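Presented below is the structure to which this report refers.
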Amino acid sequence: MPDIQGFDQKKWQDDKLGCSGSRSTEVALLLKHKKQFQGISERTVIKILGKPDKVAFFKRNIRNLIYFTEPGNQCEGNNNKTAGKRVIVELNALGNVTWINEEII
């Protein structure tokens with residue numbers, strides 16, 4: 001399991017859809033240690049980051065776990081036309097992490 005010094009797991013998990021903006025302060029730490037996520041299982045990712053806000057499925061059983069990191073149109077009552085930033089964790093067909101990064105929509 002990745003050891004991310006200073007990462008507030010509870011703060012991250014409690015900010016569903018990134019609507020309170022608490023996740024945005026944790027993103028830099030998470031991305032700084034992204035190499036530690038290489039090859040870990042989906043179950044371990046969910047233990048650390050909690051249930052994803054969204055899951056996207058692609059060809060060849062590749063899927064992305066999506067965690068919104070700032071408020072956007074995914075938040076109730078927010079009329080922005082775009083979603084906020086998000087962290088994407090890509091899983092291979094075996095359910096292991098192959099890639100993790102932040103995406104700005």
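Residue-level check: of (1) modelled with pLDDT under 85; (2) open to solvent by 60 Å² or more (accessible area, probe 1.4 Å), residue 85 misses just (1).
Condition check ((1) outside any strand (DSSP E or B); (2) open to solvent by 10 Å² or more (accessible area, probe 1.4 Å); (3) modelled with pLDDT under 85; (4) within 25 Å of residue 33 (Cα to Cα)) across all residues:
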residue: 65; (1), (2), (3), (4): no, no, no, yes
residue: 81; (1), (2), (3), (4): yes, yes, yes, no
residue: 90; (1), (2), (3), (4): no, yes, no, yes
residue: 98; (1), (2), (3), (4): no, yes, no, yes
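Every condition in (1) in a helix (DSSP H, G or I); (2) open to solvent by 60 Å² or more (accessible area, probe 1.4 Å) holds for residue 44 except the one numbered (2). Among the numbered conditions (1) touching a Phe, Trp or Tyr at 6+ places or on another chain (Cβ under 6 Å); (2) within 18 Å of residue 101 (Cβ to Cβ), the only one that residue 74 does not meet is (2). The set of residues from the stretch 1-39 being assigned to a loop (DSSP other than H, G, I, E, B) and among the small types (Gly, Ala, Ser) comprises 6, 20, 21, 22, 39. For the stretch 22-33, a residue qualifies if it is open to solvent by less than 70 Å² (accessible area, probe 1.4 Å) and of a type outside the set (Asp, Glu), and the qualifying residues are 22, 23, 24, 27, 29, 30, 31, 33. Beta carbons closer than 6 Å, at least 6 apart along the sequence or on distinct chains, pair a first residue in the stretch 54-72 that is without any contact (Cβ under 8 Å) to a residue 60 or more places away in the chain and more than 10 Å from residue 86 (Cα to Cα) with a second that is open to solvent by 100 Å² or more (accessible area, probe 1.4 Å) and in a strand (DSSP E or B) for 63/57. For the stretch 47-63, the tally of residues that are open to solvent by 60 Å² or more (accessible area, probe 1.4 Å), out of contact with any strand residue (DSSP E or B) (no Cβ under 8 Å at 6 or more places or on another chain) and at negative phi stands at 3.
The values are calculated or read from the model by the stated rules, or taken from the named source; none is laboratory data. Computed from a predicted model, the values in this text were never measured in an experiment. With ideal geometry, Cβ positions are generated from the backbone for all residues, glycine too; neighbour counts draw on all protein chains shown. Only protein heavy atoms, including side chains, enter the accessible area calculation; ligands, DNA and RNA are left aside. Shrake-Rupley method; radii C 1.70, N 1.55, O 1.52, S 1.80 Å.
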